[in-house]
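Input: a single structure, listed below in structure tokens.
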Amino acid sequence: MFSASVPGMRVVVALVAMCGLAAADTRFDPFSSMHGQPPKPAGYSGLGAESVSAETVARYAAPPLDARLSRRIQALLDLRGIGGGVISDRGDRQFFTWRVTGTEQVWRQDGPRAWPVQMTGGEDRTYVEELAPDDSFVVVSRDVGGAENPGLYVLAPGGGPLRVVMHEPNVQTELAYITEDSKSLYFGANDRDPASYAIYRWDVVDGKRTLVFDTPGLWHVVDHIADRWLMTKDLGSTHVEVYEYDLGKRELTPVLGVGETEDYQVAFGAKPGQILVRTNKLGELSQLYTLEAGKLAPVGAALPHETEWFAIDRSRTHVYASRNVDGYMRIDVYDAKTLRPVALPKLPAADNVRVAGISRNGRFVQLTLDAAQMAPTTVTWDWKAKKLDTWRPPATPEFDVSHFAPVTLEYYPARDGTKIPMFVRRPAKCDGPCPVIVSVHGGPEGQAEPGFEPIAQLYTEAGFVIVEPNVRGSTGYGKAWEHADDGAKRLDVITDLEDLSRYVRTAWAKDGVAPKIGILGGSYGGYSTLMALTYFAGDFDAGVADHFVSNLRTFLLNTAPYRRILRISEYGDPVKDAAVLEKLSPITYVAKLKAPLLLFQGVNDPRTPVGEALQLHDELAARNVPAQLILFPDEGHGSVKRSNIVLQIGHTIAFFERYLR
């Protein structure tokens, strides 16, 4: 939820009070393992706009906000960093994705601090993917309405119309790579089977498309050297098989993971026959290894933290590894040939450092730095010239972000004595105990992290304490922590949320008065919010759930086929494990709900279908339980369009102002 930008909340609170909340019209109306076709579930069927009538969508349209409140939030959304992108080998040009227009579009910049040129436009999210080796074209992807069915296009570096590679309804396309001669590109698409990705070659001159790989499965080409591919096949959310494929001989050879349930990230190394591997197969924490002659060997000394991601440039010069230090991100760099550590230049102090882009020849790397009091800043390091430059400074108009609330890493005890980490942002002061909002991250294979979060600042300036816990099931803390909530084990650790509520009410009480506590989250965080309000009814005073799961079984039966395969390993099989899924579903416990509830959902969501929201709201209405549902017809898995973000922030703030004060 705290992913867009916003601060300066005293005025927002005043505006809410001035409007009496009536103008915002947010008062509740209580009545207002399977690869074939799954059986039709009870309740609803399907996903996306075709699964719900236009009348229903209109019925749950977002009420307008007071104009003064809306303008204030709009102004706050202008606080943003400008991320990395694609760098030319000469280092004289960059293409990047920027949402300054309100929707992500592709921009070009011809030198440090040069005026950016907008390359794509319109209302649909468009992202830069890769620059051709000869700089003759750029590949971009475009998604319509948040349905997560992006198409691929090529664009001339000087601008002009997009040329379609492939963009078909209900089909996902994914760029694999552009050939070294810039004459062709390879991409994956699930046009032949919605639960399987085939690989195609597309020739630039004549636009001819040729099928080159059609073995069933969720395949990805993750690296290549000439016609030798390194491929992964996803079998679950953290279950990956690795293969080599000889394109000329059409030979597929297993490398890692076959017959296992392990997680792997792989790339070709600098030495012939060498593969770089990130995995937690050999220990509790994910680490970086080399695979040579069938044996895994660690890169450097074992680290006390997770290595959660790595990359190697196309010239096989440097290896970059992202190290997760209790939620704070660091970058380790290695010489690709010797695998010895290489020092980066001295960087500004930051909570997080991430790789944002690497040139094909390996000379340039972009690093994004941010902190609670530092807007995301992307710097470009030139390994040859030993020069650090900032192409695009962050935008923080009319605000001094150095005065934003700091983030502290704290812990609370679970009932079994386990220490649960949480990131906390506090207001400067409160009269009485500050009301608390618990923000639960999505995933569940995800992690709350510190860093620049202006929306969180919006809440702290309104007098709310923001708590972002990393309950068991989160990533970043080892294999046992991540898998503690798999399947039926989920009920054993969902209690981490109840324990947080009880801790806050006791430890953060003031003069014997316990603070009121709200909870919010999107995706799996939305599911967690609903469980907290139903299964643990009474522990939270109000909740906001966004693009959520209300019934795990109906979710699995209706989600996109590729998602179903990935999610079954996490939650269970909708047929074999139906009884367990019912026990784990918030809708099973709606009769216990006591707290007011606000629900948001994108109609085009391919992950958590709109039917999940409608069936929950109908059940609550039938029981006369107060809850409000807002549907966004032009959004998918979460709100990304500026106008909808403003509505969602405004209604959420007004909701918590009403019920936590």
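The values are calculated or read from the model by the stated rules, or taken from the named source; none is laboratory data. Because the structure is predicted, anything quoted here is derived from the model rather than measured. Positions of Cβ are backbone-derived with ideal geometry, glycine not excepted, and every protein chain shown enters the neighbour counts.
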In segment 508-549, the residues that are aromatic (Phe, Trp, Tyr) and assigned to a loop (DSSP other than H, G, I, E, B): Trp508, Tyr535, Phe536, Phe540
Some residue of segment 225-240 being within 29 Å of Ala198 (Cβ to Cβ), within 26 Å of the chain's Cα centre (by Cα) and among the basic types (Lys, Arg): yes
Any chance Arg502 is basic (Lys, Arg), in a helix (DSSP H, G or I) and at pLDDT 95 or above: yes
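Please specify each residue of segment 419-474 satisfying the condition of being in a loop (DSSP other than H, G, I, E, B), of a type in the set (D, E, K, R) and under 25 Å from Val401 (Cβ atoms).
Within segment 419-474, the first condition is being in a loop (DSSP other than H, G, I, E, B), and the residues that meet it are 426-435, 441-453, 462-464, 470-474.
Next cut, of a type in the set (D, E, K, R) only: 426, 429, 431, 445, 449, 453, 472.
Arg426, Lys429, Glu449, Glu453, listed by residue number.
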Residues within segment 242-257 that are under 13 Å from His220 (Cα atoms) and crowded, with 20+ Cβ neighbours inside 10 Å, tallied: 3
Residue that is nearest to Thr460 (Cα to Cα), among those in segment 387-418 that are of a type outside the set (D, E, K, R), in a loop (DSSP other than H, G, I, E, B) and out of contact with any helix residue (DSSP H, G or I) (no Cβ under 7 Å at 6 or more places or on another chain): Pro406
Counted residues, segment 85-96 - those being over 14 Å from Asp313 (Cβ atoms) and either of a type outside the set (Phe, Trp, Tyr) or in a loop (DSSP other than H, G, I, E, B) (or both): 5
Count of residues meeting criterion [at pLDDT below 95 and touching a Lys or Arg at 6+ places or on another chain (Cβ under 8 Å)] in segment 82-103: 5
Pairs, first more than 15 Å from Gly158 (Cβ to Cβ) in segment 110-122, second surrounded by 13 or more Cβ atoms within 10 Å (Cβ to Cβ) and not polar (S, T, N, Q), C-beta under 6 Å, six or more apart: Pro112/Asp389; Pro112/Trp391
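Does Leu69 satisfy the criteria of being outside any loop (DSSP other than H, G, I, E, B) and either at pLDDT 95 or above or farther than 16 Å from Gly159 by Cβ (or both)?
Against the criterion (outside any loop (DSSP other than H, G, I, E, B) and either at pLDDT 95 or above or farther than 16 Å from Gly159 by Cβ (or both)), Leu69 qualifies.
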Residue ID - farthest from the chain's Cα centre (by Cα), chosen from residues in segment 568-609 that are closer than 30 Å to Asn644 by Cα and β-branched (Val, Ile, Thr): Val590
Filter result (surrounded by 19 or more Cβ atoms within 10 Å (Cβ to Cβ), under 19 Å from Ile87 (Cα atoms) and either of a type in the set (A, V, I, L, M) or touching a Ser or Thr at 6+ places or on another chain (Cβ under 7 Å) (or both)) within segment 370-389: Pro376, Thr377, Thr378, Val379
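Please list, ordered by residue number, the strands (runs of 3 or more DSSP E) wholly in segment 296-365 having 1 or more residues that are surrounded by fewer than 16 Cβ atoms within 10 Å (Cβ to Cβ).
Working: elements: 306-312, 318-325, 328-335, 352-358.
By residue number, 318-325, 328-335.
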Unmet criterion (only one of (1) out of contact with any Ser or Thr (no Cβ under 8 Å at 6 or more places or on another chain); (2) within 23 Å of Ala545 (Cα to Cα)) for Val438: (1)
Looking only at segment 525-575, and only at residues there that are among the hydroxyl-bearing types (Ser, Thr, Tyr) and touching a strand residue (DSSP E or B) at 6+ places or on another chain (Cβ under 8 Å), the one that is farthest from Ala49 (Cα to Cα): Ser569
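Wholly within segment 123-225, which strands (runs of 3 or more DSSP E) include no fewer than the required count, namely at least 3 residues that are surrounded by fewer than 16 Cβ atoms within 10 Å (Cβ to Cβ) and in contact with a Pro (Cβ under 9 Å, 6 or more places away or on another chain)?
Filter on segment 123-225 gives an empty set.
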Within segment 550-661, helices (runs of 4 or more DSSP H) holding 3 or more residues that are among the charged types (D, E, K, R): 561-571, 610-622, 642-660
